[in-house]
1. From the C-alpha coordinates alone, can you work out the Kirkwood hydrodynamic radius of the range 153-193, in Å?
2. Please identify the longest segment of the chain free of exposed GluC sites (Glu not before Pro), where exposed means a DSSP state other than H, G, I, E or B and no more than 15 other Cβ atoms within 10 Å.
3. May I ask you to evaluate 6.51 cos²θ - 1.76 cosθ + 1.60, the Karplus curve with θ = phi - 60°, for each residue of the range 237-254 and list the ³J(HN,Hα) values in order in whole Hz, giving x for glycine and proline?
4. Taking every pair of alpha-carbon atoms in the range 161-254, what share in percent sits in each 10 Å bin, from 0 to the bin with the longest distance?
5. For the range 86-187, what is one quarter of the convex hull surface built on the Cα atoms, given in nm²?
6. Helix 214-229 versus the longest principal axis of the chain: what angle, 0 to 90°, nearest 10, using Cα atoms?
7. Using only the Cα atoms of the range 110-159, what semi-axes does the equivalent ellipsoid have when each is the square root of 5 times a gyration tensor eigenvalue? Give whole Å, largest first.
8. Filter the cross-link list 95/217; 42/217; 40/95; 29/61; 40/217; 29/136 down to pairs whose alpha-carbon distance in this structure exceeds 24 Å.
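The values are calculated or read from the model by the stated rules, or taken from the named source; none is laboratory data. Note that this is a predicted model, so its numbers are computed, not measured. Cβ: placed from backbone, ideal geometry, glycine included. Neighbour counts: every protein chain shown. Protein only, heavy atoms only, side chains kept; ligands, DNA and RNA dropped before computing areas. Shrake-Rupley method; radii C 1.70, N 1.55, O 1.52, S 1.80 Å.
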Amino acid sequence: MSSGQMTTGMAAQLAKDEQGGKHPYIRPKDAATLLILDGKGKDTRVLMGRRHMRHTFMPGKFVFPGGRVDPADSRIPVALGYHPVVEAKLSEQLKRPRTQSRVRAFALAAIRETFEEAGLFIGRRAEAIESLRLGKGFEDFAQRGIEPDLGPLRMIARAITPPNRSRRFDTRFLAVSADAIADRLESGTGPSGELEDIVWLTLDEAGAMDELPMITKRVLSDLGERLQSDPDLAPESPVPFYFFQRDDFQRTLL
């Protein structure tokens, strides 16, 4: 599918899924989510969890771990930064402030939320555990001697919530191999309790679920198509960007 093209059915489904009230304009908040991938080809599995029914935002929906970027995420040191091409894609069409620390915070938010929601530590073991200092939200990483590592992460999509919604997010979808899991909590879930029924699903199984937001289905479909020709998720591969413009959904490539 070329830049800017969306089928009529796709646009209609996304519009229906994103229907909301007539709320005042809200600037989208930075957010990020992480797709942890296990395996290769059609048998690739992805980690997902069901949002607790007490949530006002997408209750009961299956999602990837992730959430809003916190200010402290921009100040967390990392073992290794992004691949330069990945950093460049994450920096495209970025409204001010256009800072390296803000771009780095996208991945750190996704890594932090993955721990809080799924109990997984994405990173690498530090050589000097006793001197490891990370910061707010990463205390458990420091205690276990794990440094966040952005090197293996790849950007696979970006999507902005349409206007006239009570909550809006500018979400970066990142992917990483399950090999990047340095440790995990024995409970099998995260301390926040935000996700339950955490499962590994093939992309086909995940995409066929009824309890998915439509944009999640679209990202899974895009990822499945990309993996057919780009199984290693090369940093240079085009990345779909979904946004709302002139009363319709648009799709361009970064």
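1. On the way: mean 1/r = 0.0750 Å⁻¹.
The Cα-based Kirkwood calculation yields 13.3 Å.
2. Details: sites that count: 92, 127, 186, 211, 236.
Answer from the scan: 1-91.
3. Rounded to whole hertz, the list is 5, x, 10, x, 10, 9, 7, 9, 8, 6, 6, 8, 6, 10, 9, 10, 10, 9.
4. Whole-percent P(r) values from 0 Å outward: 11, 35, 37, 15, 1.
5. Details: hull surface 32.2 nm².
Seen from a random direction, the Cα hull of the range 86-187 projects 8.1 nm² on average.
6. The helix 214-229 is inclined about 70 degrees to the chain.
7. Numbers: eigenvalues 93, 33, 15 Å².
For the range 110-159, the ellipsoid semi-axes come out as 22, 13, 9 Å.
8. Numbers: 95/217 27 Å; 42/217 16 Å; 40/95 36 Å; 29/61 20 Å; 40/217 19 Å; 29/136 20 Å.
Where the Cα-Cα span goes over 24 Å, the pairs concerned are 95/217; 40/95.
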